[in-house]
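For reference, the structure is listed below as structure tokens.
Derivation of every value follows stated rules applied to the coordinates shown; laboratory data play no part. This structure is a prediction, so every number in the text was calculated from the model and none was measured. FYI the Cβ positions are ideal-geometry reconstructions off the backbone, even for glycines, and counts take in every protein chain you see.
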Amino acid sequence: MGSAEGHQLHAFFFPLMAQGHLIPFVDLARVFSSHGIKVTIITTPLNARLFSNTIDRDKQLGLDISVQLIPFPSEEAGLPQGYENAGSFPNFPAVISKFINALSLFQRPFEDLLQEHRPDFVVADMCFHWVTDVSAKLGISSLIFHGTCFFSLCVSDNFIRYTPHENIKSETDTFVVPGLPDQIELTMSQLSDHLKKPTDFGKMMERVKESERRSFGILVNSFYELEPAYADHYRKVIGMKAWHVGPVSLSNGGIAYKSERGNRAFFDEHACLSWLDSKKPNSVLYVSFGSMTRFTAAQLLEIAMGIEASGQPFIWVLRVNDEDAEQRRITEEFEEKIERRGLIIRDWAPQILFLDHPAMGGFVTHCGWNSTLESLTAGVPMITWPLFAEQFYNEKLVTQVLKVGVSVGAMEYQRIGGEKALVKRKDIKKAVEQLMGGGEEADQMRIRAREFKKMAERALEEGGSSYADVTALIEELRLYPRPAV
Ligand code: UDP
């Protein structure tokens, strides 16, 4: 029995509890809701608080969107109460494996919710790979959201397919990732451990891969015009069923949505915006490394000195370990010294609100996919400083394929709790000068970034490529036969 035409489809959205996944997931759910889907976001109480105002605002606008709470199994997982979001752990290295193990404990309550509500389809984070089979048992279609781009999905797949790194002995020798539309080179030092030896994360990624093939398909937070060769490669060569549905951050129109997206920042937003208003167009550097990164005191000092030496006005979103006296001293001294040449925002900033400001001229980013795409969506070129996950792949997309960024020259993957070579102040200064100091190359990057901004906006408008893919997917789901309940 197919879903009757005109019947409002109901979807469950099940995000991973980490800001870099949760934020785009909520946006994604809201994109589907704006297409007339009844949307239920499944999450735990503390995570729901991070976006409850956004959902309330959507409801007031008449969207059929709500949140279904599910308890975090803290006790069973051996985690302290309140540890519900991977970005909020002060002692991340000590607890992250417990958090990952806790993800499978959601299976039973999730299955109960499926039984009770029988949605038409489910969109689950890749980390909940078991959702594919649990949904299939009930005849419910499931889609997977990775949170990254086509380019990095293709690179990851080609690592599995061709194992180009297998016989590379040196950490620093470059090798080519074969089978891609461009010549992409990496070093062993830039790879995650799971590509080098068996790890729990590697085992999870194998399960993710298996579940992908059995799922209805993959949703990608990107737009076709950004990476057409890789969107085609992923679908036609790798053979995955995928829809591009982004940039989902564009679902946040207006200051209220932008300033509360993902969390609430504790600073004077108006003072900050008027500081930005006082700056020349394209002159301010935005320095932020996503929701998880914690640097050592020595690295914080290099960043501070590098930015200062560049002479550029800046906003630095700074996360300091308050128990580390050295970190406190370095950052407090720096804050006193810079006066109004730059702004330091503690812990959390309204990123897309800032990036959209005309004074913004460059983004020093760790190349998390959300930050990368948000920079492109705002037309802001980047200084790339990848740290972990697929960020070294994203860097290649930005600097080599799209040519909208300058690399700071980071060479080493950040292992959980591991030591890592410092990125030096002189390299930071050099990259900032290259991007912000004018010149033909920098101008071209800025022009290209602006073109991507226009393409991004167009993609989600009616008739645009992402809008069309969302519509096509909904139609396909509508016609997909479902067993009678
Ligand atoms: N973000 C934000 N303010 C901050 C830090 C992060 O709004 O101070 C948002 C950012 O806009 C992005 C997400 O958090 O949407 C971070 O995702 P990303 O993939 O860039 O990095 P991750 O946090 O996963 O490392």
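Structural remarks
- Between the beta carbons of S170 and I416, assuming R0 = 22 Å, the FRET efficiency works out to 0.40 to the nearest 0.05.
- With the alpha-carbon atoms of the chain aligned to their principal axes, the span from lowest to highest coordinate is 67, 55, 48 Å, starting with the largest.
- Förster-model FRET efficiency, 51 Å R0, K236 and A309, C-beta, rounded to 0.05: 0.60
- Here the Karplus relation 6.51 cos²θ - 1.76 cosθ + 1.60, evaluated at θ = phi - 60°, turns the backbone of the stretch 18-34 into coupling constants of 8, 3, x, 9, 4, 4, x, 5, 5, 4, 4, 4, 6, 4, 5, 4, 5 Hz, with x for every Gly and Pro.
- Length added when fully stretched, Q115-R161, from 0.36 nm per residue minus Cα-Cα: 12.8 nm
- Comparing Cα centroids, the stretch 222-254 and the stretch 378-428 end up 22 angstrom apart.
- Residue order for S192, S97, fewest other beta carbons within 10 angstrom first, comes to S97, S192.
- Taking 0.36 nm per residue of sequence separation and removing the Cα-Cα distance, the E335/R213 pair yields an extension gain of 38.8 nm.
- Taking every C-alpha pair closer than 8 Å and separated by at least 6 residues, the mean separation divided by the residue count of the chain gives a relative contact order of 16 percent.
- Model label points for S97 and F201, set 7 angstrom from Cα along the Cα-to-Cβ axis, are 1.3 nm apart.
- Where labels lie 7 Å past Cα in the beta-carbon direction, separation of R482 and I255 in nm: 4.2
- In plain terms, the residue of K430, K137 with the fewest other Cβ atoms within 10 Å comes first and the most crowded comes last, giving K137, K430.
- Packing, taken as the mean count of other beta carbons within 10 Å per residue, orders the peptides 432-439, 411-418 from highest to lowest as 432-439, 411-418.
- Rough spin-label spacing in nm, given labels placed 7 Å along Cα→Cβ, for F267 and H10: 4.3
- Taking a straight line from the alpha carbon of K236, these lysines sit under 18 Å away, with near neighbours fewer than eight places off in the same chain left out: K209.
- Paramagnetic reach from E441 in the stretch 277-291 [backbone N under 18 Å; point 7 Å along Cα→Cβ]: none
- In this calculation the C-beta distance from H35 to K454 is compared with R0 = 25 Å, giving a FRET efficiency of 0.65.
- Shape metrics for the stretch 265-456, restricted to C-alpha atoms - Rg then Dmax, Å: 15.5, 46
- Exposure proxy ranking for T377, T399, based on other Cβ atoms within 10 angstrom of each Cβ and starting from the fewest, stands as T399, T377.
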